[in-house]
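Written out below as structure tokens is the structure these notes cover.
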Amino acid sequence: MPGNFINTWMRGASGDREESKLSYWFLLAGGIFGILLIFLIPPFQNPDEPAHTFRVFHLAEGHLQGTQLADRSGGYVPAWLIQLDSSMRYLRNHPEARMHPLEQDWQDHSFRFADFPNVSYYFPVGYLPFVLVARMTEWLGWSGPGVIFLLRITGLILWLMSIFWLMQAVPMGRLLTFVVALLPGTLAVVCSISADVTSLVLVVLWLTLMLKKKAVRSEWLVTVALLFTLQRPNWWPLTLLILLQPQSVRQTWIKMANILIPLLGTMAYVVMIRHEFITYSNYNPAFRDALQINPGVDPQAQLSYVFHDPQFFLHALFDTWLDIFGPVTRHLVGKFGWGANYVSWYGFAAGLFALILAASTNRDRFHRLEKLGFLWIAVAVVLMTSLILYLQWNPVGSTYIHGINGRYLIPILPLLLLAIPWRFHQLPRQNMVVGILMAMALGDLIIQVYVRYYA
């Protein structure tokens with residue numbers, strides 16, 4: 001019956017010793033392949049990594065928001081960071097370029113203004129773990145690529161520990177969690193310096209607190225939900241999962257608080273864009289062409305356009321997703337670095353087959369209304385993601401939505417898979433089969449990273 005979502009989740013496979021070992025295998029595989037990935041991908045070669053790193057060091061100096069100066073948006077950061085970014089730009093979006101030794105000493109600790117307009121209005125909480133590490137490196141006088149690798153390790157540790165706790169606390173769906181959390185595309189995201197890492201960790205933390213057997217204080221649930229929606233407002237529909245809990249577990253007002261209070265985070269994000277975003281035409285001409293600011297983009301005017309003609313937006317949404325469904329799927333499974341860098345087709349096939357195998361043979365059963373709930377939430381996330389990117393990245397009245405990629409959809413991947421009504425029996429030694437497939441996919445990821453940057 002609907003409403004038994006938590007009971008189903010709690011039953012899980014808690015008695016299966018092989019299932020209970022998956023969390024430790026996850027730590028081992030994630031640690032090994034994650035560390036390899038961190039040190040193989042050159043500094044600032046992950047999406048938006050320079051901007052996120054600049055924001056981290058700006059926050060480390062005590063500035064909660066970016067600074068607007070001379071029609072620019074950013075802040076003062078250590079000069080060696082800007083030098084490192086300049087020395088690595090030749091690799092970005094140039095697939096023929098290869099990494100060469102870095103010979104600078106990176107000892108310039110003076111401060112210079114750096115542009116990071118697309119992240120200057122992000123709420124600081126998403127950067128907090130990185131800020132603490134950055135502050136420590138500044139206190140120790142460290143600089144250079146090693147600091148970038150250390151910050152990446154911080155994100156990886158957060159991801160490994162959050163998923164480990166989820167798999168330990170929630171018996172159900174461990175194999176699917178194992179696969180989604182270790183997909184090459186997922187691992188590439190969490191091994192970068194980005195607010196997205198902390199946002200994903202907060203989503204996992206919220207799910208763990210909601211699903212674990214021992215109830216937690218409702219204030220914790222509301223706070224964590226608010227924090228991840230402040231960072232990623234397009235993930236607000238995930239809070240609706242709490243409605244699938246039995247009435248006896250959470251009172252109605254607590255459920256409503258977990259939905260409505262995080263909605264304030266979504267609204268706050270929209271307000272920040274409205275007040276902090278500098279359009280291409282208003283940005284300093286000497287710097288705007290080197291940044292990820294598209295001509296014709298005006299979030300406030302675009303939002304008015306959508307309200308005036310929602311049918312036009314929905315038509316653009318439908319046409320865009322018909323075109324990008326395949327590329328986004330490939331992105332989710334095996335995208336890495338900045339630009340069109342993917343695992344090979346055999347690595348993609350291995351990861352995709354592991355994902356389908358883990359989902360299609362899942363032993364836990366949900367009512368069809370719960371499956372519809374999963375699907376509705378996933379569709380709502382896709383709709384909100386598309387709308388926000390339409391506002392931030394596309395000219396007013398655009399007939400196509402540019403900027404949609406797989407990393408924004410990682411949290412809804414399990415929901416989409418659980419919503420599919422498949423009924424397949426598990427294979428003999430299925431965990432081992434899935435583990436081998438994931439090892440193939442991750443091994444191919446490491447090979448492709450090496451070929452892209454060094455071969």
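In this rough spin-label picture, where each label sits 7 Å from Cα along the Cβ direction, the Asp289-Ile35 distance is 4.5 nm. Based on the reciprocal of the average 1/r between different C-alpha atoms, the Kirkwood radius for the range 76-148 equals 14.0 Å. Dipole magnitude for the range 189-250: about 300 debye, using +1 per Lys or Arg Cβ and -1 per Asp or Glu Cβ, origin at the Cα centre.
For Tyr76, nonlocal amide neighbours, meaning residues 5 or more places apart or on other chains whose placed amide H falls under 5 Å from its own, are Ala114.
Projected onto planes of every orientation and averaged, the convex hull of the alpha-carbon atoms in the range 384-455 covers 8.4 nm².
Mean projected area of the convex hull spanned by the Cα atoms of the chain, taken over all viewing directions: 21.6 nm².
Computed about the Cα centre, the dipole magnitude for the chain is approximately 1640 debye when only Lys and Arg (+1) and Asp and Glu (-1) carry charge, each at its Cβ. The residues neighbouring Ala316, those whose beta-carbon lies less than 14 Å from its own, together hold a net charge of -3 under the Lys/Arg +1, Asp/Glu -1 convention. With the convex hull of the Cα atoms taken as the outline of the range 340-411, the averaged projected area works out to 6.9 nm².
Taking a 23 Å limit on the Cα-Cα distance, which of the listed pairs Lys212/Lys371; Lys21/Lys255; Lys21/Lys214; Lys335/Lys371; Lys214/Lys371; Lys21/Lys212 fall beyond it?
Listed pairs above 23 Å: Lys21/Lys255; Lys335/Lys371; Lys214/Lys371.
Near Leu303, once Lys and Arg are set to +1 and Asp and Glu to -1 for all other residues with Cβ below 13 Å from its Cβ, the sum equals -1. Ordering of 261-273, 60-72 by packing is 261-273, 60-72, highest average first (other Cβ atoms within 10 Å, averaged per residue). Averaging the Cα positions of each part gives two centres, and for the range 389-448 and the range 255-323 these lie 24 Å apart. In a DSSP loop and with at most 14 other Cβ atoms within 10 Å, the trypsin sites (Lys or Arg not before Pro) in the range 163-250 are Lys213, Lys214, Arg217. Each of the peptides 218-231, 335-348 was scored by the mean count of other Cβ atoms within 10 Å over its residues; in descending order, highest first, they stand as 218-231, 335-348.
Distance from the Cα centroid of the range 132-183 to that of the range 23-47 is 9 Å (rounded to whole angstrom).
Charge tally around Arg288: other residues with Cβ under 12 Å, Lys/Arg +1 each, Asp/Glu -1 each, net -2. If you bin all the Cα-Cα distances of the range 183-315 at 5 Å, starting from zero, the percentages per bin are 2, 9, 14, 15, 15, 15, 13, 9, 5, 3, 1, 0, 0.
Couplings for the range 25-41, taken from phi via the Karplus curve 6.51 cos²θ - 1.76 cosθ + 1.60 with θ = phi - 60°, read 5, 4, 4, 5, 5, x, x, 5, 5, x, 5, 4, 5, 4, 8, 7, 6 Hz in order; Gly and Pro are left as x. Our Cα-only numbers for the range 283-383 put the radius of gyration and Dmax at 19.3, 59 Å.
Residues in the range 266-271 carry Karplus couplings, in order, of 4, 5, 5, 4, 4, 5 Hz; the curve used is 6.51 cos²θ - 1.76 cosθ + 1.60 with θ = phi - 60°, and Gly or Pro positions show x.
Percent of alpha carbon pairs in the range 239-324 separated by more than 20 Å? Roughly 62 percent, rounded to a whole number. Using bins of 10 Å that start at zero, the share of Cα-Cα pairs per bin across the range 103-224 amounts to 11, 35, 32, 16, 6, 1, in whole %. Compared with the dominant Cα axis of the chain, that is its longest principal axis, helix 195-211 is turned about 20°.
We did not get these values from a lab; they are worked out from the coordinates using the rules stated. Computed from a prediction, not measured in an experiment: that's the story for all the values here. Note that each Cβ is placed from the backbone with ideal geometry, even for glycine, and that neighbours are counted across all protein chains shown.
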